[in-house]
Protein chains: 2
Amino acid sequence: MNILIIGAAGMVGRKLAQHLLTTGKLGNEAVDQITAFDVIPADLQATADGPSLDIRAGDIADRATVEAQVAERPDVIFHLAAIVSGEAEADFDKGYSINMDGTRHLFEAIRALPDYHPRVVYTSSIAVFGTPFEEPITDTFITAPLTSYGAQKMIGELLLNDYSRRGIFDGIGIRLPTIVVRPGKPNKAASGFFSGIIREPLAGIPAVLPVDDDVRHWVASPDSALGYLLHAATMDLAPVGPRRCLTMPGLSVTIADMLAALEEVAGPETAALVKREPDATIRAIVAGWPRDFNAARATELGFTTDASFQDIIRAHIRDTGHGAA
Amino acid sequence: MNILIIGAAGMVGRKLAQHLLTTGKLGNEAVDQITAFDVIPADLQATADGPSLDIRAGDIADRATVEAQVAERPDVIFHLAAIVSGEAEADFDKGYSINMDGTRHLFEAIRALPDYHPRVVYTSSIAVFGTPFEEPITDTFITAPLTSYGAQKMIGELLLNDYSRRGIFDGIGIRLPTIVVRPGKPNKAASGFFSGIIREPLAGIPAVLPVDDDVRHWVASPDSALGYLLHAATMDLAPVGPRRCLTMPGLSVTIADMLAALEEVAGPETAALVKREPDATIRAIVAGWPRDFNAARATELGFTTDASFQDIIRAHIRDTGHGAA
C-alpha cells in the first residue's frame, strides 16, 4: 500500500506518519511506501524494516507540484495541508491559494489520471459553521462560515462531495475539533491558547488565558485526531452517502473544566501558572466559534474520541514527559 | 450610473437590460451606461434618449476578459452568467470553469481595483439544496447540493459572502425559483418542461409532460425574476447581515395546479395539448429538487413574487400574445 500525506510536517500529519512508519500497517493492510509532503521537509525518520519513506517539500498552490505527488497513484491520500484560521484571515491571497486552489489542484490531479480512484481523507474544520448556532450543533445544521478559512474549508467540502459523487475518488471529510493539547510551539491559530494553558503549565512555564472561565469549546486530543484519520482511511464509505464531510466527535468543555482537570491531574501549583489576561480581540473571535456538537453521524459510523479532559491531559504527559509526577 | 450585466443574452439578463434601457432608471437613479456582456452578443437595442448601450461578447472563464469588463468601474454588476444544471452535469470542466472560475474571476477583478466597492447581484439557485429536505425549506436549512451545478453555485455564494464580509464589494445573492413561463426556445435545463407545458400549448403546439401530475415545484415568473434583481440592486444591505444569499419567494405548485390554471386561463383545448409521456430519467432528476420554501428572510427584506399561477400564465400571454383570446 502506497500512502501520500499532504501536510506531513504539521502536528497531526507528523503524528499520522510516525504511526504508519512504526506500525507498518493501515487497517489490515501492509504499508509499503509513505510519501510525506509539505511546504517544508517533515521531520520524520524511516524505521528499520518499516515502510519506505520519501520526504518531499513543495507548494500545493502550484498545480504541477501537486500532479507530481499523485503521479505514482497512492492508494490513500491524506490531505491535511492548510493555512490556519488566523493566517487565512490576515493573508487573503495565501489562504485562498493554499486552502482552496491547493485542494482543487489535488482533486484535479486525481481526475486527470485514468482508472484511478484513491481514498482521499480531507481534514475540514468546525469553522464551516457560523453564528447564530443551534446548541448542540447537529449533523444537518447549516454550514455558513464567517471567516475566510471557514469559507475555504467549506469549498473544499463541496468539491470533495461532488468529485466523490461523480466517482472521481472516494472522498471523506472530517471536521476536526480544536486539537488540545498541541505539543511543541504555538502555531498561528487564534485557538492556540486552549493548548497553551495546559501545555505551558505542565512544562513549568506561565501561560496567558485571554478569555473568561465560562468560555466553552469543542476539543479532542492528538490521539483522537490520529484515530479519526485512520478510521476515515479504512472505513466502508457506502453507508456515508453523498454528504461525505462529518463533524468528528469531541468533548465540549469550559475553560473552568479544563483548569479543574489540570489541577486534578497535575496539582494546584501547575494550575496556578495560568494567568488571566483578558484580550477583547481574542474574546470576540472565540465568541464566534461553535461550543458544542452532537456528532451522531460520525459516532454511528464508528468514529470515537476521548473519554474525559483528564485523559487528554494524561495523554499529553505520557507523550511529552512534561508534568509527570 | 453605470451598470454591467454579465449574462445579458440569457432570458433574465435580456429582460433586465430591456427594462433598464426602457425606463432609464435603477431605483431613483438615472442609468447612463449599460454594458451587456455575454458569451454571444445580446440581442438588445438602445432606446432614443435612453442609456447608452455597449454590447460585448467574451468568455468569463478567461480572467483578463472579466477584468476588462470591470475596468470602467460599473456601479452595479449583475452576474447572471451560468452553465445550467443539465449542461454542468454533462460537462464537468465547462461547469466548473464558467460557474466557479468565472464567478471568482469577477470577484477578483473587483478586488484588484483600489477604492472600488460596487454592488454585486449574483443569481444563485435552489440547486444549492439537496435531499433529504425539510418541507417547507426555511432560511436556515443546510445547503448540501447534489449536483455539480448546485456545488458551483454554492461555492459562488461562499465567495460572495466572504468578499462582502471583507468589504471588497457589496454583494447580494438571490436564489431563483425555476422561472416559468420562459419565453422562446427550451434551454438545456432539465427543468425546461415546467415552462414547456404552458408555453407550447398557448402557442398551439403539443407539449410533453415527463413527470406525474402530483409533482410539486417552486416557480416564479420572469417578471418576478426582474423584480428580485431590481430590488437586490437598490435595497439597503445593512439588515441582511453576513449571510448574503437569500432564497427568493415563489409559488409552490403541482403539475396538476399548473394544468388547472392553464385550463382556467386558456381553456380545455389548450390544456389538452399537454401529452403525458413519463420519462424515468427526468422523474428521477426532478425527485431530487426542492418543492416548497418558506422564504421569510427575503420577504421581510422586501422581495415579492407572483400572486398566483394564473397570474403567471396571464403575464406570459400579455408578453407574447400567444394564447390571447
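Here are some notes:
- Per-residue mean of foreign Cβ neighbours for B:164-172 is 1 (Cβ atoms of other chains, 10 Å radius).
- The spacing between the range A:230-307 and the range A:151-184, judged by their C-alpha centroids, is 17 Å.
- Ordering B:Ser224, B:Ala189, B:Thr234 by Cα displacement along the dipole of the range B:162-262 toward the positive end leaves B:Thr234 in first place; charges were set at the Cβ atoms of Lys, Arg (+1) and Asp, Glu (-1).
- For chain B: relative contact order, % (alpha-carbon pairs under 8 angstrom, 6 or more apart): 17
- Rounded percent of accessible protein surface that carbon and sulfur make up, chain A, 1.4 Å probe: 51
- Per-residue mean of C-beta atoms belonging to partner chains within 10 Å, peptide B:137-144: 4
- Here the dipole of the range A:210-288 is about 480 debye; that uses its Cα centre as origin and unit charges on the Cβ of Lys and Arg (positive) and Asp and Glu (negative).
- Degrees separating the helix B:255-266 axis from the principal Cα axis of chain B, which is the longest one: 80
- Taking 15 Å as the cut-off, the amide N atoms of the range B:1-30 that come nearer than this to a point 7 Å along the Cα-to-beta-carbon line of B:Ala315 belong to B:11-17, B:19.
- Taking the Cα atoms of the protein assembly as shown, the ratio Rg/Rh between the radius of gyration and the Kirkwood radius comes to 1.02.
- Farthest toward the positive end of the dipole of the range B:1-131, out of B:Ala30, B:Val128, B:Ile55, is the Cα of B:Ala30, where the dipole comes from beta carbon charges about the Cα centre.
- Protection-proxy order for peptides A:145-156, A:36-47, each taking the mean of Cβ atoms within 10 Å per residue, highest first: A:145-156, A:36-47
- Across all directions, the average flat footprint of the convex hull enclosing the Cα atoms of the range B:1-150 is 10.2 nm².
- Positive contributions from Lys and Arg (+1) and negative ones from Asp and Glu (-1), summed over other residues with Cβ under 10 Å from the Cβ of B:Thr254, come out at -2.
- Over chain A, dividing the summed -39,500 (n - 2.57) contributions of all DSSP H runs of at least 4 residues by the number of residues returns a 222 nm mean residue ellipticity of -11000 deg cm²/dmol.
- A:Glu72 label point (Cα plus 7 Å toward Cβ) to equivalent points in the other copies: 5.5 nm, shortest first.
- Neighbourhood charge, 13 Å Cβ-Cβ cut-off, centred on B:Leu229 and excluding it, Lys, Arg +1 and Asp, Glu -1: +3
- Lysine pair count for chain A with Cα-Cα distance under 18 Å and sequence separation of 8 or more or different chains is 5.
- Comparing the full protein assembly with the isolated chain (1.4 Å probe, heavy atoms, ligands and nucleic acids excluded), the residues of the range A:236-250 losing at least 20 square angstrom of accessible area are A:Pro242, A:Arg243.
- Shielding by partners, peptide B:145-157 (average Cβ within 10 angstrom, other chains): 4
- Centre-to-centre separation between the Cα atoms of the range A:206-221 and those of the range A:90-108: 29 Å.
- Under 17 Å from the B:Glu72 label point (7 Å along Cα→beta-carbon), backbone N, the range B:1-26: B:1-9, B:17-18, B:20-22, B:24-26
- Label spacing, shortest first and in nm, from B:Glu135 to its equivalents in the remaining copies (7 angstrom along Cα→Cβ): 3.4
- For A:Phe169, neighbours were defined as the other residues whose beta-carbon sits under 10 Å from its Cβ, and their charges (Lys and Arg +1, Asp and Glu -1) total +2.
- Å² per residue, accessible surface of chain B at 1.4 Å: 39
- Packing, as the average of other Cβ atoms within 10 Å across residues, places the peptides A:75-84, B:63-72, A:197-206 in the order A:75-84, A:197-206, B:63-72, highest first.
- Inter-copy label distances at A:Thr281, shortest first and taken from points set 7 Å along Cα to Cβ: 5.7 nm.
- Semi-axis lengths, Å, chain B, gyration tensor of Cα atoms, sqrt of 5 times eigenvalues: 32, 23, 18
The values are calculated or read from the model by the stated rules, or taken from the named source; none is laboratory data. Keep in mind that this is a model prediction, so the values were computed, not measured. Note: ideal-geometry Cβ built from the backbone for every residue, glycine included; neighbour counts use all protein chains shown. The area values use the complete protein model at the heavy-atom level, side chains included, leaving out ligands, DNA and RNA. Shrake-Rupley method; radii C 1.70, N 1.55, O 1.52, S 1.80 Å.
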